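Input: a single structure, listed below in structure tokens.
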Amino acid sequence: MAIQFAVSLSTCLVLCLLAFPYRSIANGDALKEKTLAMIKPDGVEGDYIDVIKKTILASGFNITQEIQLQLNENTVKSFYAEHASKSFFSDLVQYMTSGPVLIMVLEKANAIADWRDLIGPTDSNKAKATHPKSVRALCGLDLQRNCVHGSDSPQSAVREISFFFEKSSSGFVSTHDEL
Ligand SMILES: *[C@@H]1O[C@H](CO)[C@@H](O)[C@H](O)[C@H]1NC(C)=O
């Protein structure tokens, strides 16, 4: 009895010491991060929504919000404003308005980097060559029609999530009449 008690006491001490500081961090919301994921028109049209969502959930993300939208030109132009001067901009706008998209907020620890890892290189041809298990290897077609989007930094994630999901900040949800 005494030995058993001593053993379980010391086991508990070790486990509690190991587990306590870890748990208090791991359970805190501080480590959780949100990122914006989008299945682009080629992904929606190619019927990849289910398989991509399964991959997302199997990789430990929660999908906390989602909305399917047909984007219009103005929305795409303002979402991709940083690319406005690039030669591919009008093609990009045409592509992104060519059919509905599915927009999701993904949540987990390290969500931004982990979702970027999961989708693979921007160029789908490169993804097929070097990251055959990535989402873009699965459903992307080329550099532009690359099937999915992921925020590239914490700043982008905040901006992009509020762009689509917080009515007051961008005005998107409240003023968009295609909803
Ligand atoms: C996902 O949601 C479930 C249920 O609300 C929760 O228990 C779990 O901690 C969440 N996981 C992440 C990674 O946010």
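The values are calculated or read from the model by the stated rules, or taken from the named source; none is laboratory data. Computed from a prediction, not measured in an experiment: that's the story for all the values here. Here Cβ is always computed from backbone atoms with ideal geometry, including for glycine, and neighbour counts include all displayed protein chains.
Note on region 142-175: among residues that are modelled with pLDDT of 95 or more and among the aliphatic types (A, V, I, L, M), the one that is surrounded by the most Cβ atoms within 10 Å (Cβ to Cβ) is V148.
If you check P121, P132 for being away from the ligand (no atom under 16 Å from the Cβ) and without any contact (Cβ under 8 Å) to a residue 12 or more places away in the chain, only one passes: P132.
This table checks each residue for (1) without any contact (Cβ under 8 Å) to a residue 12 or more places away in the chain; (2) assigned to a helix (DSSP H, G or I); (3) of a type in the set (D, E).
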site	(1), (2), (3)
L57	yes, yes, no
T64	no, no, no
K77	no, yes, no
E82	yes, yes, yes
L92	no, yes, no
L102	no, no, no
A137	no, yes, no
N146	no, no, no
A157	no, yes, no
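Would you say L71 is within 16 Å of the ligand (Cβ to nearest atom) and in contact (Cβ under 8 Å) with a residue 24 or more places away in the chain? So L71 fails the test. Applying the criterion of being more than 15 Å from S134 (Cα to Cα) and either at pLDDT below 95 or surrounded by 15 or more Cβ atoms within 10 Å (Cβ to Cβ) (or both) to the residues of region 39-61, the residue that is nearest to the ligand (Cβ to nearest atom) is F61. Scanning region 28-52 for residues that are part of a helix (DSSP H, G or I), farther than 13 Å from A111 by Cα and touching a residue at least 12 places away in the same chain (Cβ under 8 Å), we see that the one that is nearest to the chain's Cα centre (by Cα) is I52.
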